[in-house]
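Notes for the one structure printed next.
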There are 2 protein chains.
Amino acid sequence: MKLLDISEVARRSGVKASALRYYEDKGLIASVGRRGIRRLFEPVVLQRLALIRLGQAGGFSLDELAAMLPPDDAPTIDRDALLAKADDLDQTIRRLSAMRDALRHAAACPAPSHFECATFQRYLKVAAKGGLPAAVPPLQA
Amino acid sequence: MKLLDISEVARRSGVKASALRYYEDKGLIASVGRRGIRRLFEPVVLQRLALIRLGQAGGFSLDELAAMLPPDDAPTIDRDALLAKADDLDQTIRRLSAMRDALRHAAACPAPSHFECATFQRYLKVAAKGGLPAAVPPLQA
DNA sequence: TCTTGACCTCAAGTTGACTTGAACTGGCAG
DNA sequence: CTGCCAGTTCAAGTCAACTTGAGGTCAAGA
């Protein structure tokens, strides 16, 4: 299995070298050695990075991800935490769906103020339901 | 219509007074005057704040919200922007759904490494589809 | 009238996730 | 052997969205 240097990992993962170093610092990924002063990574790090990106998109912080993806492969994940996060996502999804519907409606509805539109209000109500539990962060392109 | 002072708005909206001042600074909300040195708000600001909270949960930044909720009421929203955001949300929702399914699966699956599990891989593939467009930020409780 | 305490302003601090800059290193082409 | 330059370290900067702190104001109650 041939090893990758940081620029290769960056190129293939779309994650900048500076971010990769940052991730290593945080314990999210590990390099397997150095050639001289330069880090070397196993190709499997690409999968880890994909998971990390996904996790971020799902609203996990890097710290959370570090916690649920321990150094070794085979993410020895805390099942309860996973299920809890899945439930969170359910909430979020329901809310975002209502948001989306509200947006589409707002784009089409002729009401002078959307606050006066029962349909809009109804979407908002659904969207706001449950006190707005957890959401997800804007991905830097 | 009786006016509200900042603490009343904070109490009824769940948004801290410091955040309300910050929002006013940013032009997201407006006070209608002062009693002495103290801001006074019209009750309608509560609806605006609800929209803002919702928008944030939907992944809009405060600047975006300021742009689509102009000072006057009756959000004169840019319909194309709304529809575009709705499409974004569709993407996000699809991705989050796959994430959630992957999480539930990971919590149940006995495979030694999830990378070796076809089901998990499949979810990830769906979740990653489309280059991860837009996501939503963690709500501060 | 005087005191109080909620509110005010403005600057600086905080957190997460990185990026950037300066100064250094070392494998490899020539 | 020598330079080049991608890579390295470490500290500091950035951005969004607020929060916190210091010091000032003023309407209302005693």
Practice item. Give the residue, chosen from B:Arg38, B:Arg95, B:Arg12, B:Arg53, that is more than 14 Å from DNA strand D (Cβ to nearest atom), basic (Lys, Arg), open to solvent by 30 Å² or more (accessible area, probe 1.4 Å) and touching a helix residue (DSSP H, G or I) at 6+ places or on another chain (Cβ under 9 Å). Key: B:Arg12
Check your understanding: Out of (1) within 14 Å of another protein chain (Cβ to nearest Cβ); (2) without any contact (Cβ under 8 Å) to a residue 60 or more places away in the chain; (3) more than 16 Å from DNA strand C (Cβ to nearest atom), the odd one out for B:Asp63 is which?
Key -> (3)
Revision key, fill the gap. Here the qualifying pairs (Cβ atoms under 6 Å; residues six or more apart or on different chains; first in segment B:6-29 and farther than 21 Å from B:Glu64 by Cα; second open to solvent by 80 Å² or more (accessible area, probe 1.4 Å)) come out as B:Ala10/B:Lys16
Check your understanding: Among the numbered criteria (1) more than 14 Å from the chain's Cα centre (by Cα); (2) touching a residue at least 40 places away in the same chain (Cβ under 8 Å), which single criterion is violated by A:Pro110?
Key -> (2)
Review point. Quick check, is A:Ala57 under 14 Å from the mean Cα position of the chain (by Cα), under 18 Å from B:Thr92 (Cβ atoms) and of a type outside the set (Asp, Glu)?
Key: yes
Practice item. Being near DNA strand C (Cβ under 9 Å from one of its atoms) and small (Gly, Ala, Ser) is the filter; apply it to segment A:16-35 and report the residue that is most open to solvent (accessible area, probe 1.4 Å). Key: A:Ser18
Check your understanding: Does A:Asp87 meet the test of being closer than 22 Å to B:Ser113 by Cβ, acidic (Asp, Glu), free of Cβ contacts under 8 Å to residues at least 12 places away in the same chain and touching a helix residue (DSSP H, G or I) at 6+ places or on another chain (Cβ under 9 Å)?
Key -> no
Review point. Which of the following residues is modelled with pLDDT under 80 and within 18 Å of A:Lys85 (Cα to Cα): B:Leu82, B:Leu132, B:Leu124?
Key: B:Leu124
**Study point:** Odd one out for A:Val44 among (1) within 9 Å of chain B (Cβ to nearest Cβ); (2) β-branched (Val, Ile, Thr); (3) in contact with a helix residue (DSSP H, G or I) (Cβ under 7 Å, 6 or more places away or on another chain)
**Key:** (3)
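The values are calculated or read from the model by the stated rules, or taken from the named source; none is laboratory data. Keep in mind that this is a model prediction, so the values were computed, not measured. Don't worry about glycine lacking a Cβ; one is built from the backbone with ideal geometry, like all the others, and counts go over all protein chains shown. Surface accessibility is based on the protein's heavy atoms, side chains included, excluding ligands, DNA and RNA. Shrake-Rupley method; radii C 1.70, N 1.55, O 1.52, S 1.80 Å.
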